[in-house]
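The values are calculated or read from the model by the stated rules, or taken from the named source; none is laboratory data. Small disclaimer: the values here were computed from a predicted structure and weren't measured. Cβ placement follows ideal geometry from the backbone for every residue including glycine, while neighbour counts extend to all protein chains displayed. Note: accessible area is taken over every heavy atom of the protein model, side chains too, but ligands, DNA and RNA are not part of it. Shrake-Rupley method; radii C 1.70, N 1.55, O 1.52, S 1.80 Å.
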Amino acid sequence: MELLVSGNRREATKGPRWLLAHAVAVFAFLYLPIAVLILYSFNGEGVGGFPPRHLTFDWYRVLFSDGPIWDSVWNSLHVAFAAMVISLAIGVPAALALDRAQFPGKALFRRLVLLPLILPGVITGLSLLMLFNAAAIKLSLLTIVLGHGTALISVATTEVFAGLQKLDRAQEEASLDLGANYWQTFWRVTMPNLKLSIIGAALLIFTLSMDEIAVSFFLIGRDNTLPLEIWGRLRRGITPEINAVSTIIFVFSLVAIVVWYRLRMRDGGTEAGMEVVEAVGGTAS
Amino acid sequence: MVFLPYSTAASVLDTNAATPKTLLSIHNVAKHFGKNIVLRNISLDIAEGEFLTILGESGSGKTTLLRIVAGFESATAGEVWMGDERLDQRPPYRRRVNTVFQHYALFPHLTVEENVGYGLRVAKRPDAEIKTRVEDALAKVKMTAYAKVKPSKISGGQQQRIALARALVNRPKLLLLDEPLSALDANLRRQMQLELKSLQREVAISFLFVTHDQEEAMVMSDRIALLRSGELEQVAAPREIYSRPATAYVAQFIGHTNLLETEVRGGIARCSSLSWPVQLADGPALFSLRPENIAVVPPATLVVSGRVRLPGRVVNQAFHGATELIRVQCAEELVLIVRTPSSVAGHAEVELEFSPADAVPVRKSAERN
């Protein structure tokens with residue numbers, strides 16, 4: 001009996017061996033570049049040369065004393081945080097309006113809100129640049145913040161709207177029924193149910209903003225964001241210092257995803273949450 | 001405690017202690033959704049401590065009526081009064097009414113205990129009071145052991161109990177229940193019907209219960225309000241609504257019945273080969289005759305005076321456990337359903353007998369959709 005079972009199991013794994021190979025190939029395709037990037041951040045011989053030799057932390061040492069890089073990291077964090085705040089502040093109420101309010105042109109609004117997601121960054125960037133020029137606003141980090149903030153409202157709106165659609169309206173009625181007014185119901189029932197959608201949207205917006213390059217390219221003033229700093233250096237010749245800073249960002253993204261995933265599991269989890277995990281994972285890699 | 005049907009109570013002029021006081025009055029309530037008329041001209045009173053069931057098919061407007069009382073929908077016309085307070089102009093959170101929702105609507109992010117304490121916490125009751133009242137409420141529905149658990153971890157029947165405790169802990173004057181048992185399987189549902197009924201007696205709160213299940217309505221209610229296409233067909237105690245249905249629809253919706261279309265002439269009602277004396281004016285008349293009021297009698301026995309006897313042929317038998325329903329062809333277009341004890345199989349030719357008093361005149365139900 002035992003033999004039979006194990007025989008069967010071997011049969012089961014033997015069959016789709018090519019599938020396994022395929023899976024390995026897909027994973028390699030996705031993650032090998034990241035692995036190489038990380039590996040070469042420790043390579044003493046610079047970016048070229050195979051196999052990597054003289055493993056070293058030197059590039060990290062160089063990186064930590066490189067002022068401009070850290071300035072750009074700092075700029076990027078500021079921009080991402082501000083963009084996140086702006087897009088949530090506008091996107092969450094927009095999602096509530098889409099879900100609850102009836103107003104003329106609602107169907108159109110719903111589609112328009114999605115537009116920045118579909119629109120190429122070049123067009124968004126160019127049109128914002130023209131707008132800022134026309135308004136005689138000097139380009140700076142602030143213009144990038146405004147650019148990211150507006151472009152990413154759609155992410156906040158769609159994520160939170162999806163969460164609202166899954167929310168059982170009877171819960172809000174139950175709350176009103178039990179004596180809570182509309183405001184109390186919003187804070188005690190609606191928001192706790194939306195918490196994960198909002199955190200998910202925030203993480204997604206943050207990561208999207210962190211690695212955004214097309215819109216930023218048009219709106220950049222004197223201060224660089226990290227992707228633009230890297231871009232600028234690439235033209236002068238790459239060093240593993242870039243690999244080192246990328247590795248650090250990768251690790252931070254990973255930590256953020258894991259933390260959020262844990263949070264989600266603790267709360268019982270929703271499918272919407274899973275989508276965000278995938279989306280965030282996708283942009284991080 | 002036995003409650004008089006409201007119609008009787010209202011006609012009794014001396015207000016003795018046995019007459020229940022009216023708790024909630026629904027006056028001429030109508031509800032339109034655009035061109036779609038969901039409720040028309042509903043007037044209904046609920047007495048203190050009464051278990052009143054709104055019974056109706058899906059789409060009859062029963063849930064809408066409940067939601068108007070709860071405050072989730074506003075009536076297009078009419079008023080809802082509780083004592084001297086006009087309820088329908090208040091938001092849901094300022095009505096002394098609580099609801100048990102069809103799918104319970106427990107808060108998934110709160111524990112059982114926090115769910116039950118929600119209303120008290122919002123009302124800013126002192127912590128100690130919340131604690132004892134929540135404990136009492138959980139004990140009442142036998143769910144004390146689950147206080148710290150999230151709702152997603154308990155079964156449907158248990159969620160049902162929590163929903164009940166969460167509503168009752170606020171000591172509402174009226175509890176609204178929107179098909180609360182429909183999600184449970186048959187066995188549990190029967191058990192919960194009895195529990196709910198005895199709980200209602202214990203807490204002495206008026207229950208307004210919505211269901212589409214006529215058996216459930218009969219088992220639990222003091223009175224049944226039968227709703228059809230947004231209008232009340234009849235409001236009466238279960239026994240009365242069963243034995244004295246007002247309309248053909250009521251007779252058919254509650255239990256089985258034979259509807260006899262007759263022509264009355266000179267105090268005799270005629271229907272095909274059938275005739276019996278009635279005290280009605282000449283013209284067409286409709287009668288409801290329950291299957292259990294028709295007896296199968298041995299052939300060639302003496303006809304008891306006053307009873308109607310007719311021969312027929314059994315065309316169909318349906319086994320129902322203790323009894324069975326047989327269909328008897330008595331004439332070309334006269335088939336009667338008869339309830340008999342389940343024993344005799346297949347006498348093709350039978351003699352039937354019934355008392356004219358059991359043929360209840362009913363109004364023809366208006367054509368509506």
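B:S305 is checked against (1) among the small types (G, A, S); (2) within 25 Å of B:I241 (Cα to Cα); (3) open to solvent by 70 Å² or more (accessible area, probe 1.4 Å) and fails just one. What number does that condition carry?
(2)
So if I check each of A:L167, A:L115, A:L139, which one is surrounded by fewer than 14 Cβ atoms within 10 Å (Cβ to Cβ) and modelled with pLDDT under 90? Spell out how you get there, then give the answer.
On the way: A:L167 fails: surrounded by fewer than 14 Cβ atoms within 10 Å (Cβ to Cβ); A:L139 fails: surrounded by fewer than 14 Cβ atoms within 10 Å (Cβ to Cβ).
After ruling out the rest, the residue left standing is A:L115.
Quick test of your reading of the structure: B:Q234 fulfils all but one of (1) out of contact with any helix residue (DSSP H, G or I) (no Cβ under 7 Å at 6 or more places or on another chain); (2) part of a strand (DSSP E or B). Name the failing condition by number.
That leaves (1) as the condition not met.
For the range B:281-302: of the residues being in a loop (DSSP other than H, G, I, E, B) and of a type in the set (G, A, S), which is farthest from B:E261 (Cα to Cα)?
So the residue we want is B:A300.
Would you pick out the residues in the range A:178-192 that are of a type outside the set (G, A, S), within 7 Å of chain B (Cβ to nearest Cβ) and crowded, with 20+ Cβ neighbours inside 10 Å?
A:L178, A:V189
Quick test for you: out of A:S216, A:S197, A:S209, A:S175, pick the one residue that is under 16 Å from B:L110 (Cβ atoms) and among the hydroxyl-bearing types (S, T, Y).
The conditions single out A:S175.
For residues in the range A:144-181 being part of a helix (DSSP H, G or I), out of contact with any strand residue (DSSP E or B) (no Cβ under 8 Å at 6 or more places or on another chain) and charged (D, E, K, R), which is nearest to B:A70 (Cα to Cα)?
Applying the filter and picking the extreme gives A:E172.
Looking at (1) touching a residue at least 24 places away in the same chain (Cβ under 8 Å); (2) loosely packed, with under 15 Cβ neighbours inside 10 Å, which one does B:A322 not meet, given that it meets all the others?
(1)
How many of the residues making up the range B:178-202 are open to solvent by 20 Å² or more (accessible area, probe 1.4 Å), aliphatic (A, V, I, L, M) and modelled with pLDDT under 90?
3
Starting from residues that are surrounded by 11 or more Cβ atoms within 10 Å (Cβ to Cβ) and basic (K, R), keep the ones in the range A:101-112 and report whichever is nearest to A:F161 (Cα to Cα). Working first, answer last.
First, the residues of the range A:101-112 that are surrounded by 11 or more Cβ atoms within 10 Å (Cβ to Cβ): A:106, A:109-110, A:112.
Still in the list and also basic (K, R): A:106, A:110.
Values: A:K106: 14, A:R110: 10 Å.
Of everything passing the filter in the range A:101-112, A:R110 is nearest to A:F161 (Cα to Cα).
Which of the following residues is in contact with a helix residue (DSSP H, G or I) (Cβ under 7 Å, 6 or more places away or on another chain), closer than 30 Å to B:E57 by Cα and in the same structural domain as B:V338 (by TED's automatic domain parsing): B:N293, B:N316?
B:N293
Among the residues in the range B:127-135, are any more than 13 Å from chain A (Cβ to nearest Cβ), in contact (Cβ under 8 Å) with a residue 60 or more places away in the chain and open to solvent by 20 Å² or more (accessible area, probe 1.4 Å)?
no
Please determine whether any residue of the range B:80-88 is in the same structural domain as B:I162 (by TED's automatic domain parsing) and more than 31 Å from the chain's Cα centre (by Cα). Step through it out loud before you land on a result.
First, the residues of the range B:80-88 that are in the same structural domain as B:I162 (by TED's automatic domain parsing): B:80-88.
After this cut, where a residue has to be more than 31 Å from the chain's Cα centre (by Cα) as well, the list is none.
Checked against the condition, which is being in the same structural domain as B:I162 (by TED's automatic domain parsing) and more than 31 Å from the chain's Cα centre (by Cα), the range B:80-88 yields no hits at all.
Are there any pairs, at least 6 apart or on different chains, whose C-beta atoms fall under 9 Å, with the first in the range B:72-96 and within 14 Å of chain A (Cβ to nearest Cβ) and aromatic (F, W, Y) and the second open to solvent by less than 60 Å² (accessible area, probe 1.4 Å) and in a loop (DSSP other than H, G, I, E, B), and if so, which?
Every condition considered, the pairs that remain are B:Y93/A:L178; B:Y93/A:G179; B:Y93/A:A180; B:Y93/A:N181; B:Y93/B:G71.
Any idea which of (1) in contact (Cβ under 8 Å) with a residue 24 or more places away in the chain; (2) in contact with a helix residue (DSSP H, G or I) (Cβ under 8 Å, 6 or more places away or on another chain) is the one A:D177 doesn't satisfy?
A:D177 satisfies all of (1) in contact (Cβ under 8 Å) with a residue 24 or more places away in the chain; (2) in contact with a helix residue (DSSP H, G or I) (Cβ under 8 Å, 6 or more places away or on another chain) except (1).
Whether any residue in the range A:102-112 is outside any strand (DSSP E or B) and either modelled with pLDDT of 90 or more or touching a strand residue (DSSP E or B) at 6+ places or on another chain (Cβ under 6 Å) (or both) is what I want to check.
no
Restricting attention to the range B:99-114, which residues are more than 9 Å from chain A (Cβ to nearest Cβ) and within 16 Å of B:M143 (Cα to Cα)?
Passing the criteria: B:T111, B:V112, B:E113, B:E114.
Look through the range B:145-177, keep the residues that are loosely packed, with under 15 Cβ neighbours inside 10 Å and in a helix (DSSP H, G or I), and return whichever of them is farthest from the other protein chains (Cβ to nearest Cβ).
Step by step, filter the range B:145-177, then rank; the result is B:A145.
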